[in-house]
């Protein structure tokens, strides 16, 4: 979203329309531009003789895209998209 | 010499008198025939509501009315309650806290104080006296106090008052239907502005006239935000959607209008919704995601991880989120 600047000065976000003037930055999705995000989710690991290995070899991954009109999940969140898959890693190898 | 100086002084005084007379009165032709000019400034909330009373439109335009009634335009001062609460916060944390505003208590609030919000939430407030602004501020506080104390009778009374003022048919189809008034004329009392000229089967509004901007984004842009309202003595800023539309969408080759997406393609008509509507949500965004597992090796330390990639393309006419 366009992060509003407080009274058009400094590095603080304005909160409430009465103190917003200008923007600090817009961290929203610009129109007609592809935006890519990359996330790394660690598998739980355990120590074994000779090193470490995953505690589990499959993870259920769920991606949910929420629209938060008031900035938090506490007030009127809207689920826009979701994606689920199971990610597996190999059990053999060095 | 003295007679000459006296004559020169008289001539200067006469010139000043005429110059002053020439500068008096509003610029432009036709201002006196608007709804507001004919009625005179509203002195109460009830008078302002009556000035822009669109109830007669329902007889023939039931569908459009029902769509509109389900939209945020029908409750711009109140919203779900949060908007009214924010108005109140703007008064307490803003106007009453600022040392140079002139507002110590809610009844001190004038039209000029509220235009930071009302410019968009109730543009017709500009056609009211300061007594209406004061009444609005008092009503907002009375509503909030009644919510806090559980006084349902007062809460309902004040909600009814706040809900009586809205962005209704006459705001878009008359008052705000013309943006360039010196070019296209001031919106006239008794005229409904839309897509074409002609007679209109209504006693109060017997004439139809074409608004050149009824299907243009600038109609919506009057309220839906360019950034700080720098024309105000203490600028405010709420939505910046129109600014985003101009500079992030149109400037980059986008060609659709607000009405194209929010009314026609979505089939919402006058319901005009955005982030909460399934059709708008679907149209707004292309979304792809995938994930794969891998082992990261950092020297002798091994870590397994899931790498998740998400790609999103905003297909709307403005930054998301924005408004």
Task: CD proxy at 222 nm, helix term only [per DSSP H run n ≥ 4: -39500 (n - 2.57); per residue of chain B; nearest 500] - done: -10000 deg cm²/dmol
- [ ] Within 10 Å of each Cβ in peptide B:310-318, how many partner chain Cβ atoms are there on average? Round it to a whole number, please.
- [x] 6
TODO: Let me know the mean shielding of A:21-27 by other chains, meaning the per-residue number of their Cβ atoms within 10 Å of its Cβ.
DONE: 4
TODO: At q = 0.11, 0.18, 0.19, 0.20 Å⁻¹, work out log10 I(q)/I(0) for the stretch B:31-168 with the Debye formula, treating every Cα as an identical point scatterer and leaving solvent out; two decimals please.
DONE: -0.41, -1.05, -1.15, -1.24
TODO: Per residue, how big is the convex hull around the C-alpha atoms of the stretch B:220-264? Give it to me in cubic angstrom, could you?
DONE: 64 Å³
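Please report the antiparallel percentage of the DSSP beta bridges confined to chain B, to the nearest 5.
Antiparallel: roughly 75 percent of the beta bridges in chain B.
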Task: Modelled FRET efficiency - R0 35 Å, residue B:80 with residue A:41, Cβ distances, 0.05 increments - done: 0.45
Task: Cα-only Debye scattering, the stretch B:222-323: base-10 log of I(q)/I(0) at q = 0.11, 0.19, 0.20 Å⁻¹ - done: -0.52, -0.97, -1.04
Open item on the list: Give me log10 I(q)/I(0) at q = 0.10 Å⁻¹ for the protein assembly as shown, Debye formula, one equal scatterer per alpha-carbon, no solvent.
Closed with: -0.83
- [ ] Determine, for B:111, B:138, B:105, the number of other Cβ atoms within 10 Å of each Cβ, and report the residues in order from fewest to most.
- [x] B:105, B:138, B:111
Open item on the list: Given points 7 Å out from each Cα along the Cα-Cβ axis, report the residue B:149 to residue A:13 separation in nanometres with one decimal.
Closed with: 3.6 nm
Task: Label-zone membership for the stretch A:52-80, site residue B:287, 7 angstrom Cα→C-beta point, backbone N under 19 Å - done: A:60-80
Open item on the list: Give me the extension gain from residue B:214 to residue B:251: residue separation times 0.36 nm, minus the current Cα-Cα distance, reported in nm with one decimal.
Closed with: 11.2 nm
Open item on the list: Taking 25 °C and 0.890 mPa s as the conditions, I'd like the Stokes-Einstein D for the stretch B:153-210 in µm²/s, using the Kirkwood hydrodynamic radius from alpha carbon pairs.
Closed with: 189 µm²/s
Task: Top of B:227, B:198, B:299 by mean-square fluctuation, Gaussian network on chain B, Cα under 10 Å - done: B:299
Open item on the list: Please report the spacing between the Cα centers of the stretch B:99-114 and the stretch A:67-94 in Å, no decimals.
Closed with: 46 Å
Open item on the list: Between 0 and 90 degrees, rounded to the nearest ten: what's the tilt of helix B:111-121 against the longest Cα principal axis of chain B?
Closed with: 40 degrees
Task: Hull-based mean projected area of chain A, where the convex hull spans the alpha carbons, in square nanometres - done: 10.4 nm²
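Given 0.36 nm per residue, what is the gain on full extension from residue B:156 to residue B:260 after removing their alpha carbon distance, in nm? Let's see the in-between values first.
Working: separation 104, 0.36 × 104 = 37.44 nm, distance 3.71 nm.
Full extension from residue B:156 to residue B:260 adds 33.7 nm.
Coordinate-derived values only; no laboratory data. Everything quoted here is computed from the prediction, not taken from an experiment. No Cβ is skipped: glycine too gets one built from the backbone with ideal geometry, and neighbour counts run over all protein chains shown.
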